[in-house]
Structures are given as structure tokens and as C-alpha cells.
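Engineer: Could you have a look at this structure, given as C-alpha cells, before my questions?
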Ligand SMILES: CC(C)(COP(=O)(O)OP(=O)(O)OC[C@H]1O[C@@H](n2cnc3c(N)ncnc32)[C@H](O)[C@@H]1OP(=O)(O)O)[C@@H](O)C(=O)NCCC(=O)NCCS
């Protein structure tokens, strides 16, 4: 497949009644069902907004990747110590003691089966990070967070895109997720991972302020 550029060769859409993605197939049944059926009601209930890119060959634009984002927050007490210090360093004076930092959560994300392994996932993540670090973003947003499927492909994808584990050990993450649960989990289906947008913003040439 020739190098496909999400920004130059594809079109971004927000999911709506008239722009559905019934044919989207990222190889994961739960995710496919979410994007095809559940994403729109979630959007109407203001739980998450879904977007997708199409490649516009011929009369039928083909959806090649899709994602859902929601507002979220990262509690300072949950951050690893080193990150706690780094995060507070850039906040001036007495106001540095926030209980949590603003974040955006990637609720769902997938690349169409036919387009995997070509850097589309990487381009998509670069796009999402840029969207929320951008000066045009309407609210402050310091972190991108995700509950990554606890399997090699998904964790490897987020690690390649420079996400870190919020909890270094399975035990500490299990203790955290079990805190509010009556029926305790013994294994993790997902791992909480995060990406700090500040270094990205500082290293960019874009005039942010
Ligand atoms: C995880 C997922 C989003 C990755 O999407 P992707 O488009 O294949 O991601 P990338 O192309 O950026 O990276 C995947 C692989 O392609 C390789 N690659 C990247 N650019 C490439 C290029 N131009 N040419 C060839 N290979 C390339 C990467 O090195 C990587 O290889 P590796 O797996 O051997 O390390 C996709 O597999 C998917 O949708 N999975 C199902 C749903 C899921 O797990 N979602 C995430 C959890 S919510």
C-alpha cells in the first residue's frame, strides 16, 4: 500500500445520523459493535464523541480508522511520584496543588483491518495528541489517558506512541480498580495508560499563547 497520509489523503468526520460507519471493521467484535451501534447513543447522551477518517476513493468513502473521546481527569494521588513532581513543576506558585489534572480519555480506537500495519494508528494518535495540545482547544488538557486492552497488540501500540502505565505493577492497579468494587477482579482486562501533552507542546514551534 502506498504511504497514506491521514491529513492529506483522508477526510475527518464526526459520527452522526447521516454519517454512520456500518461497514467499519477493525477486527475486534466489541469495538466494531460500539462504532456501528452504540457510539451514536453515547454521543447523544454526551458520554463520548466519535470521529472517523475516510479515504475518498470513488463514490463510497471508506472509513479507515475511528476513535471516541471524552473529558476525563487524572488524580494527582494516582500519578507515579516522578510524574507528580514533573507535572507540578510547570504550575506557578501556590496554585500548584491541584487534586487532579484535566485530561482527555480515548474511550475507543481502531484501525480498519485492511489498513493496519502502515502507520495509520501512529498518525491517528499524533493527530489526537495535536488536537488537544493545540492552542485552539477550548479547554485546558494536560494528559491523554486510555484503558488499553491488556494484550500485546494494544499495549505495544500505546507504548510505541509513548504512553506510560499509570501503575507500574498489576497488583497496584488491581488494588486501585478493586477499591470501589464489591466483586473483586483478579485479572485486568485493561491497563490504564497516560501521555503527558506538555513536553509535546513545549517542543512544538506553534505559538500556543
Ligand atoms: C492497535 C491498532 C490501533 C494499531 O493500528 P495500526 O494502524 O496497525 O498501527 P501502526 O501501523 O501505527 O503500528 C502497527 C505496526 O505497523 C508497523 N508500521 C508502522 N508504520 C509502518 C509502515 N509505514 N509500513 C509498515 N509497517 C508499519 C509498526 O511498527 C507496528 O509494527 P509492530 O506491531 O510489529 O510493532 C490496530 O491494530 C487495531 O485497531 N486493533 C484492534 C483494536 C485495538 O486493539 N484498539 C486499541 C485498544 S482501544
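Bear in mind these aren't lab numbers, they're just calculated from the coordinates by the rules spelled out. Quick caveat: nothing in here was measured; it's all calculated off a predicted structure. FYI the Cβ positions are ideal-geometry reconstructions off the backbone, even for glycines, and counts take in every protein chain you see.
Engineer: Does residue 155 count as more than 16 Å from the chain's Cα centre (by Cα) and free of Cβ contacts under 8 Å to residues at least 60 places away in the same chain?
Structural biologist: Answer is no for this residue.
Engineer: Only one residue in 66, 87 is farther than 21 Å from residue 143 by Cβ and in contact (Cβ under 8 Å) with a residue 12 or more places away in the chain. Which one? Step through it out loud before you land on a result.
Structural biologist: On the way: 87 fails: farther than 21 Å from residue 143 by Cβ.
The match here is 66.
Engineer: Right, next: Of the conditions (1) touching a residue at least 40 places away in the same chain (Cβ under 8 Å); (2) not in a loop (DSSP other than H, G, I, E, B), residue 139 fails just one. Which one is it?
Structural biologist: Only one criterion is unmet by residue 139, namely (2).
Engineer: Hey, any hits in the stretch 104-126 for a residue that's surrounded by fewer than 19 Cβ atoms within 10 Å (Cβ to Cβ), touching a strand residue (DSSP E or B) at 6+ places or on another chain (Cβ under 6 Å) and more than 23 Å from residue 167 (Cα to Cα)?
Structural biologist: No: zero hits.
Engineer: Suppose we filter the stretch 152-205 for residues that are surrounded by 12 or more Cβ atoms within 10 Å (Cβ to Cβ) and part of a loop (DSSP other than H, G, I, E, B); how many remain?
Structural biologist: Residues that pass the stated criteria total 8.
Engineer: Are any of the residues in the stretch 27-50 farther than 25 Å from residue 133 by Cβ, surrounded by 15 or more Cβ atoms within 10 Å (Cβ to Cβ) and in contact with a helix residue (DSSP H, G or I) (Cβ under 7 Å, 6 or more places away or on another chain)?
Structural biologist: no
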